[in-house]
There are 2 protein chains.
Amino acid sequence: MRQHKLALCKEHYLVWVPEQTERFIKKYDMFSHDERVLVAVSGGKDSLSLWDILVRLGYQADGLYIGLGIDGGIGYSSESQRLSQEFADAHSQTLHVVDVEKEYGQPIPVLAERTHRGFGKPCAVCGLTKRHVMNRIARDLGYDVLATGHNLDDEAAVLFGNTLVWEGSYLLRQGPVLPESPGLARKVKPLCRFYEREMTAYAIARGIEYIYEECPFAEGSTSIYYKEILNQLETARPGAKLTFYLRFLEARRNGLFREDEKAIRNLHPCPNCEQPTSAPGLCSFCRMIEKVDQSEILGE
Amino acid sequence: MRQHKLALCKEHYLVWVPEQTERFIKKYDMFSHDERVLVAVSGGKDSLSLWDILVRLGYQADGLYIGLGIDGGIGYSSESQRLSQEFADAHSQTLHVVDVEKEYGQPIPVLAERTHRGFGKPCAVCGLTKRHVMNRIARDLGYDVLATGHNLDDEAAVLFGNTLVWEGSYLLRQGPVLPESPGLARKVKPLCRFYEREMTAYAIARGIEYIYEECPFAEGSTSIYYKEILNQLETARPGAKLTFYLRFLEARRNGLFREDEKAIRNLHPCPNCEQPTSAPGLCSFCRMIEKVDQSEILGE
């Protein structure tokens, strides 16, 4: 780990990663041992490693797998569900499973097609759906915290994209913790300071079986492009990615940005699902489902 | 010009560039026809084009050439001085010349070596010296405004570098205009919205003879590296560079940043040169010259 000037053997690496994670959880006040954590599990290395680490650290962490119905010729969703379930069973942990097609009538690719969102890519619809389901399950089952496996590469890429167009409202919200708000559990990213390759190394060293393939729709995505650019910067200057992310958090904490009260969006509960929304009337998710249901009735 | 969805023939291009420059000068309130402008001229395409444009637009614009004493095996400084003087003569304009070696005892590379600043590169010393000389000449000769030829690529690269490490104080200051302060003329960058290639095209179409070579010390510099990264982003998304710079200015104007009164540095006049400085005692420039003079006395 050039950015830390640190090299560890397998045995100590498997101790170091959970120790560091515990440090980040405390530093950013993510959650305590008394709170119930719902881990969003995709079957990939980050989320399964996160779950593994939280369980080892003695937290009350259950998993949530969302079946998106994405095949891509590699059985992407069924394979990632199988690996998630195997991990849960092997560690005697609870995995909640929500199948999007069963609950909302159609898998993600069809929802995306029917709603004409996202220029042929289902990523926008997928993100919207996952956020909605995670929030719903956390609320319905009474979890205090939602934890996702975003690593430093993910976070730096999002920050980079928002910075290139100076998206103020996103810059003010991005971080390791998004505090709870009425109707929404706190969201936390305990792995946000680990490089992607560090998480790969952890999953492999720990012997976690995870799905190697990226989502078939990820190819050519903006976030992958930004990750490549950041990798170039990292190669030229080891630590550049971490510096970019941490200095941002530090500058914000030190008051670089004007965090205006007025900027807080006016939220109200969606009349259908009761999740907070800034949209007039139904929230974006319920509006999408309504549109798909109507297109079905009209036989489109 | 893909970012504007505009293609022009040579004749109209030579009209369009000065028109746009005039628009930027007015938009950012840079200077009026009553004010005296000092153009920092390096002999390169940007600064000579800027001078050309300002003269054509009817502004009172004199040139300032600073002889840095950089040879690099190509007679860099002498050649750029010759081209600057030729331009001045051909257009019957006044060019002030300040020779660093004559005025301060040593050329830039020696000043840099003697002061051990900048890890073998004289760029930091060169920047410090140029700022000092420009400020001095503007004050001594009573110019209202100092204009430099920075183009969009220059500005975007500086912004990119400051953003990667979230340098708050620089982010709050960077822009097309740096207002005058006690003892310092206003500084403006009328070309800050033109791509580098647009300025090259202008200089060539106008038949301006400029020095093609980059400064021999520029090779491998961080700013060139950032320009390459931004060029990649621009290739993938035409207009990305302009968006990055303009959205930054817009976000700042709309109050994204907290521009704290306390953040304004406590400036006092340097006891030697009387230029404002935040350093205790002598300003950085006078301290550097003092150090070089002492090393001479000590026979180092």
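The values are calculated or read from the model by the stated rules, or taken from the named source; none is laboratory data. Not measured: the values here are computed from a predicted model. A quick note on method: Cβ atoms are made from the backbone with ideal geometry, for glycine too, and the neighbour counts reach across all protein chains shown. The protein model used for the area step is the full one, side chains on, heavy atoms only, and it has no ligands, DNA or RNA in it. Shrake-Rupley method; radii C 1.70, N 1.55, O 1.52, S 1.80 Å.
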Exactly one of B:225, B:212, B:245 is of a type outside the set (A, V, I, L, M) and touching a residue at least 40 places away in the same chain (Cβ under 8 Å), and that one is B:245
Worksheet item: Would it be correct to say that residue A:27 is buried (at least 22 other Cβ atoms within 10 Å of the Cβ) and either of a type in the set (D, E, K, R) or without any contact (Cβ under 8 Å) to a residue 24 or more places away in the chain (or both)?
Response: no
The helices (runs of 4 or more DSSP H) lying entirely within the range B:167-260 that contain at least 3 residues which are within 14 Å of chain A (Cβ to nearest Cβ) are B:168-173, B:222-236, B:240-253
Checked the range A:141-166 for anything within 14 Å of chain B (Cβ to nearest Cβ), open to solvent by less than 20 Å² (accessible area, probe 1.4 Å) and assigned to a loop (DSSP other than H, G, I, E, B); matches are A:166
Of the listed residues (B:188, B:177, B:158), the one being under 19 Å from the mean Cα position of the chain (by Cα), touching a residue at least 24 places away in the same chain (Cβ under 8 Å) and under 27 Å from residue A:159 (Cβ atoms) is B:158
Of A:206, A:173, A:193, A:237, the only residue that is open to solvent by less than 50 Å² (accessible area, probe 1.4 Å) and either at pLDDT below 95 or not aromatic (Phe, Trp, Tyr) (or both) is A:193
#### Entry: Condition check for residue B:82: over 17 Å from residue B:148 (Cα atoms) and at pLDDT 95 or above
yes
Note on residue B:138: of the conditions (1) in a helix (DSSP H, G or I); (2) open to solvent by 60 Å² or more (accessible area, probe 1.4 Å), unmet is (2)
